[in-house]
Amino acid sequence: MSAVLDVKGLAKAFGGVRAVQDVSFALGEGELLAIIGPNGAGKSTCFNMVGGQLRPDSGTIALAGRSLVGLKPRQIWRLGVGRTFQITATFASMTVRENVQMVLLSHRHRLAGLWTPARNLFRAEAEAALAQVGMGDQADRPCGVLAYGDIKRVELAVALAHGPRLLLMDEPTAGMAPKERVTLMALTKDIVRSSGISVLFTEHDMDVVFAHADRIVVLDRGRLIASGKPAEVRENPEVQRIYLGGAGTEAARRAGG
């Protein structure tokens, strides 16, 4: 399995706090890899270094062999990395289709000097992206009137519109009802299987993680303490001790973003 994303020796400190320490992992083509851990584990810091929001103090991050260290998020996006965020970021007054068209206009450098009305550009591509996430029949509705679960689908279509090789999903099911969480992640997995896109995601819902991730990386206090397939991680004594215990344990108190 070739590595689409290869992270080696990643480290980041904020003052005297070592948020991430010597973390390494690889993500293969068409694979869903989850990063989990209790509060303060370093998973968000690690995730944001991959996305370009933070620059690592040391270590390497490579997308298909090309270094991402030092690149800005927009540059990383143009290299073929899509991203969804914990808090949705669609344009409420625009239609569902127009939200996707805006991404395509930006990616194709068509935001300036338009002679053709923007609403007429890349319609077919936008509609194809919406069909992929089951939102094709709502293309003409303003995003502001959609249910939250449908907005999450639109955000996924926006992230996929420019055909990324890697998709970063930050708490993709945050704020969703349990049934909606399962539906969204099942949809994501179907898209991964059909397109070969690789997905790196953080998630606080362990049911979602263990049901849909191909592999899991577990962090605690900035260090990687376990990695492997869901069954292997679930049975890991260290993971059970710090994170997967029942209600009232240290894990239950510390689990989260």
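With respect to the cross-link table entries Lys43/Lys72; Lys189/Lys229; Lys12/Lys189; Lys72/Lys229; Lys72/Lys189, which display a Cα-Cα separation exceeding 24 Å? Flagged as over cut-off: Lys12/Lys189; Lys72/Lys229; Lys72/Lys189. Each residue of segment 138-145 was assigned a 3J(HN,Hα) from its phi angle through the Karplus expression (A = 6.51, B = -1.76, C = 1.60, θ = phi - 60°), giving 10, 4, 8, 8, x, 4, x, 9 Hz with x at Gly and Pro.
For the options Val17, Val182, Val209, a Gaussian network treatment of the chain with springs between C-alpha atoms closer than 10 Å singles out Val17 as fluctuating the most. Estimated purely from DSSP H runs of n ≥ 4, each contributing -39500 (n - 2.57), the mean residue ellipticity at 222 nm for the chain is -10000 deg cm²/dmol once divided by its residues.
Ordering Ser198, Ser58 by the number of other Cβ atoms within 10 Å of each residue's own Cβ, fewest first, gives Ser58, Ser198. Between Pro237, Pro172, Pro56, the residue with the greatest mean-square fluctuation in the GNM of the chain (Cα pairs under 10 Å linked by springs) is Pro237.
Give me Arg165, Arg66 ranked fewest to most by other Cβ atoms within 10 Å of their Cβ, as a rough exposure proxy.
Working: Arg165 17, Arg66 10.
Least crowded to most crowded, the residues run Arg66, Arg165.
Helix 178-195 and the long axis of the chain differ in direction by around 80°, with both axes built from C-alpha atoms. For Ala147, the shell of other residues with beta-carbons less than 15 Å away shows a net charge of +1, using +1 for Lys and Arg and -1 for Asp and Glu.
For Gly28, the residues whose amide H sits under 5 Å from its own are Val4, ignoring neighbours fewer than 5 places away on the same chain, with H placed 1.01 Å from N. In terms of its C-alpha gyration tensor, segment 130-176 has an oblate overall shape, because the principal axis ratio a/c (a ≥ b ≥ c, square roots of the eigenvalues) is not below 1.5 and a/b does not outweigh b/c. Taking a point 7 Å out from the Cα of Leu121 in the direction of its Cβ, the residues of segment 82-102 whose backbone N falls within less than 18 Å of it are 91, 94-102. In plain terms, the residue of Arg83, Arg234 with the fewest other Cβ atoms within 10 Å comes first and the most crowded comes last, giving Arg234, Arg83. Convex hull volume of the C-alpha atoms in the chain, normalised per residue: 133 Å³.
Write down Rg/Rh for segment 112-211, rounded to two decimals, with Rg from the C-alpha atoms and Rh from the Kirkwood relation over Cα pairs. Kindly include the intermediate steps, with their values, before the conclusion.
Working: Rg = 14.7 Å, Rh = 14.7 Å.
Looking at segment 112-211, the ratio lands at 1.00.
Taking the Kirkwood radius as Rh and the Cα radius of gyration as Rg, segment 1-154 has a ratio of Rg/Rh equal to 1.03.
Less than 12 Å Cβ to Cβ from Ser195, Lys/Arg counted +1 and Asp/Glu -1: what total charge do the surrounding residues give? If you can, show how the numbers build up before the last one.
Values: positive: Arg165, Lys189, Arg193; negative: Glu29, Asp190.
Counting the neighbours of Ser195, the net charge comes to +1.
For the chain, the longest principal axis of the C-alpha atoms and the axis of helix 148-160 are separated by about 80°.
A short reminder: the numbers here are calculations on the coordinates, not readings from a lab. Not measured: the values here are computed from a predicted model. Cβ atoms come from the backbone with ideal geometry, glycine included; neighbour counts cover every protein chain shown.
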